[in-house]
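The values are calculated or read from the model by the stated rules, or taken from the named source; none is laboratory data. All values reported here derive from a predicted model rather than from experimental measurement. What goes into the accessible areas is simple: the full protein's heavy atoms, side chains included, and nothing from ligands, DNA or RNA. Shrake-Rupley method; radii C 1.70, N 1.55, O 1.52, S 1.80 Å.
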Amino acid sequence: MTEPVRCALREMRWWDIDPVLELERDLFPEDAWSRGMFWSELAHARGPEATRRYVVAETGGRITGYAGLVASGEQGDVQTIAVARDLWGTGLGGVLLAELLRAATAFECAEVMLECRVDNVRAQKLYERFGFEPIGFRRGYYQPGNVDALVMRLTDPSTSVQGTEING
């Protein structure tokens, strides 16, 4: 792991969609989210009926990562986590994941689920460090590349964020 990154986390807002889309297209060229998908998620992220938590990480005035979670009843689902390539290995992914798990705890989620590309071993190791365990597969989940997803689950997200802090 390289030097820890100093970043500021904040709520994702509509004006962040364009820089987030740039990262999205670079990191996930085959199955990048659309502008409409982000708008739809952010529409459910504010107010008393909010069921989403989306954050961006800023480093040196630029958006270098983002992450989102949806809560439904006692279950949370990590929708996305992304870190700019030049900051891989700095711990920023862990900072983003910890923030989502804090949100899941605030939403009173008893468990958190996620899907991860089977070929994304780096991400799987991050999730395992936080206590996620593989529970199954979704065949052909990522399209159009027809790549399988590993389904992972974390029970009691509140215990997985103790001791995680944001540098910055």
Report task. Take the alpha carbon gyration tensor of the chain, find the square roots of its eigenvalues, order them as a ≥ b ≥ c, and report rounded if a/c is under 1.5; if not, report prolate when a/b exceeds b/c, else oblate. Result -> rounded
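Could you sort TRP88, TRP14 by their accessible area in this structure, using a 1.4 Å probe and putting the largest first? All intermediate terms of the calculation are to be shown ahead of the outcome.
Numbers: TRP88 95, TRP14 140 Å².
Largest accessible area first, the residues go TRP14, TRP88.
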Report task. Over the chain, give the accessible area per residue in Å² for a 1.4 Å probe, as an integer. Result -> 52
Query raised in the report: Picking from GLU108, GLU22, GLU49, which is most flexible by a Gaussian network model of the chain using Cα springs under 10 Å?
Result: GLU49
Query raised in the report: What does the accessible area of THR155 come to, in Å² to the nearest 10, when a probe of 1.4 Å is used?
Result: 90
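Considering only protein heavy atoms, with the full assembly of protein chains and a 1.4 angstrom probe, order PHE137, PHE130 by accessible area, largest first.
Details: PHE137 120, PHE130 25 Å².
Descending accessible area places them as PHE137, PHE130.
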Report task. Considering only PRO19, PRO134, PRO157, give the residue with the highest GNM mean-square fluctuation for the chain, with springs between Cα atoms whenever their separation is below 10 Å. Result -> PRO19
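State the percentage of accessible surface on the chain attributable to carbon and sulfur atoms; use a 1.4 Å probe and exclude ligands, DNA and RNA.
Details: 4280 of 8800 Å².
Heavy-atom surface of the chain belonging to carbon and sulfur, 1.4 Å probe: 49 percent.
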